[in-house]
Structure formats: C-alpha cells, structure tokens
Protein chains: 2
Amino acid sequence: MSHHHLDFSQLIRAQGYRLTPQRQLVLDTLCAMSSHATACEIYDQVSAQMPALNQATVYRTLEFFVELRLIAKSDIGGQTVYELVGEQPHYHLVCRQCSHVAELAATQLADLADWLLVEHGFQADLDHVVIQGVCAGCRASSP
Amino acid sequence: MSHHHLDFSQLIRAQGYRLTPQRQLVLDTLCAMSSHATACEIYDQVSAQMPALNQATVYRTLEFFVELRLIAKSDIGGQTVYELVGEQPHYHLVCRQCSHVAELAATQLADLADWLLVEHGFQADLDHVVIQGVCAGCRASSP
DNA sequence: CAAATTATTGCAAAAATTCGCAATAGAGAA
DNA sequence: TTCTCTATTGCGAATTTTTGCAATAATTTG
Ligand SMILES: [Mn+2]
Ligand SMILES: [Mn+2]
Ligand SMILES: [Zn+2]
Ligand SMILES: [Zn+2]
C-alpha cells in the first residue's frame, strides 16, 4: 500500500487538491480492507485511528475519491459500497435470488468497451461494473 | 397505461401480494412521467392525488416494484431514479464530464448477455443498464 | 355474511447522507 | 519565516431514506 502513496499524492496534487491526513487515512483503510466496504464500516475503522475525524468528512472524502476515479462506488445487494480500483479492473455478477457475488476480470468487457467506442464514440468506464441476474446454481434449482 | 393494470394486477397477486390503491397510483404516476423520476418527484405527484399517502409508503412501494422487476432503480448523475421497465429495454451512456445522458436500445447488449449465460451460466438482467464514461463530444473537445 | 388471517399502511422515531458556514491548515509567494 | 490565498475540515442542522409497530384493509375461510 505504501508504494501507492506517492502516485496518489501526485495524482491528487496535480489537480490542485491536497492529500490531507484524513484522506490518507481513508485511503489506507480502503487498502487494508479486503473489498467492498460501506461508508459506516470505513468510518468505524478510520475513527479508531483518528477519533476527531468527522463522519461528514468520510462521506466527502469518499465522494472526492470517486470523482477522481481512485475508488469505485457501487450498489451491491442494496448496500452502497466502496472499493479501491485500478490494479485489478473487474466486474461482479450478483445473484438476485441467493445474493451470491462473483468476481471476474474485466478483460471480457473489452469487446463491449470497444464497441461503444467505435459505434458511439463513447469511452466507457468499465473498471468496476455490477451486473444483476440469476446465478447458475439458482437457475439449476428453480427452472 | 390502463391496459397494463390487469397484467400488473395478476402478476402481483400471483405472488401473494396486493395491488392496493397506493401502489396503483404510484404505478400510474410512473406511467405518466416521461422517465427517470426521483422518489421525491414521484411523491410530489402522488401526494397531489392522494394527500394521505405517506412518504414511507412511496419508498416501500418503489422498492417493492423494483424487487418484482416492474421498475428499474438506477443511479444517474448522483441521483437515484426510477423508471418503468419492460416495454423498451434500454441502456444509458452517461457522460461524467458534461452529464449528457444517451439512451440506446438494449439489443446491442444481447451479445454480452449471451456470453455471460454460455460462459458462466449467469442470466443477466440487462433491461436497464447505466454505463458511465466520456461522450464523443467531450472526447473531441478535450483530447 | 362474520370471523380469521395476513399484507399493507400511516406514523413517529431512527439512521443515513448531505449541506452551510466559520475555523483550520496546507501550499506558494515574498 | 511570515503573509496570503484557498482547499479542507468539524460542527450542527437539514434532508433523505429506513425501520418498528400498532392500526387498517384486503382476502380467505367457515
Ligand atoms: Mn469489486
Ligand atoms: Mn432509462
Ligand atoms: Zn444464486
Ligand atoms: Zn460529455
């Protein structure tokens, strides 16, 4: 994680923003967390390290990183979750019957991205896509 | 719209639920609205017709229809919006620079759906997909 | 039709998220 | 370093969304 700090710092500062201790801590926490954390979970973690850090700051910081596209914000199973993105672009298949979440490399979405670019000139952000549906297991058990 | 009432009613009652006046009104309102309405907009409309109808009921009703897959819930430009779905499955390309929203027929996503089904046995709900990115216009003006 | 059952609603309180604003602190200039 | 400028924070209030629960209404049973 520490090898990211410089990249992030420069990326942020290059746009006239600042990598404050609060933002750094949120970033570190996101690194440390496995994946897909809610704002509340992130606040709890962060709060233990820096008790003065306000909840509003967590929300603003997460929104800030989302706009910089350092993290992805998604709705998975009715919950808004955040995740560091960039190293391994991926997408999720979320089953609406058993709530199972599969994670797959985003390489298979390249065709779709190419098509959108060629056909509509649209450069799609497909770093982190969430697709709802019914998984193989549930399809088998309820035909 | 009225020709839908029977379909909806039966679809709902078949699962042991009820098509109450409140739900009917929300459904009618969604029909009447062009597209992509927020919970607040829907409540305002509905409230004019049935002042006693509570806001919590609107939220619960929308969630109810989402679970029945009669309406789609999406995040477009930072707002949670609802739309009747079914007649014209479609997807949206949302530009993160100019906020422009394009609407396209979902037929082009069929390849992706097929691939997910064949390769992962996953039956994807691609009735209403929202894809973020940068539109052709913005790409042209900022290369 | 009356009784029983259960889904649904309204209400108020709780929880989650956003917002305005004065105070703070980081960055650059002198 | 000191001064200036402005991005960012903490705080409290406002707004949005969810939840528990008793009252209501729709449906079924007898
Ligand atoms: Mn993910
Ligand atoms: Mn739409
Ligand atoms: Zn499943
Ligand atoms: Zn654009």
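Nothing in this text is a laboratory measurement; each read-out follows from the coordinates by a stated rule. Since the model is a prediction, treat every value here as computed from it, not as a measurement. Using ideal geometry, Cβ is built from the backbone for each residue, glycine included, and neighbour counts are taken over all protein chains shown.
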Determine the relative contact order of chain B: mean sequence separation of Cα pairs under 8 Å and six or more apart, normalised by residue count, in whole percent. 18 percent
What percent do you get for the relative contact order of segment B:90-141 when only Cα pairs under 8 Å and 6+ apart count? 48 percent
Long-range amide H partners of A:GLN79, meaning residues 5 or more apart or on another chain whose placed amide H is closer than 5 Å, are none
For the pair A:SER142 and A:CYS31, what calculated FRET efficiency results from E = 1/(1 + (r/R0)^6), where r is the Cβ-Cβ distance and R0 = 45 Å, to the nearest 0.05? 0.70
One checks the Cα atoms of segment A:34-81 and finds Rg and Dmax, in Å, of 10.9, 31
Can you give me the distance in nm between label points at B:LEU68 and B:VAL130, each placed 7 Å from the Cα along the Cα-to-Cβ direction? 2.3 nm
Semi-axes, largest first, in whole Å: what does sqrt of 5 times each Cα gyration tensor eigenvalue give for segment A:2-84? 19, 15, 12
With axes computed from alpha carbons, what is the tilt in degrees of helix B:55-67 against the longest principal axis of chain B, rounded to the nearest 10 within 0 to 90? 60 degrees
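Would you kindly give the portion of the calculated P(r) for the protein assembly as shown that falls above 31 Å, as a percent of all Cα pairs?
For the protein assembly as shown, the fraction of Cα-Cα distances above 31 Å is 38 percent.
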Within 10 Å of each Cβ in A:91-99, the average number of Cβ atoms from other chains: 2
More than 21 Å apart: what percent of Cα pairs in chain A qualify? 52 percent
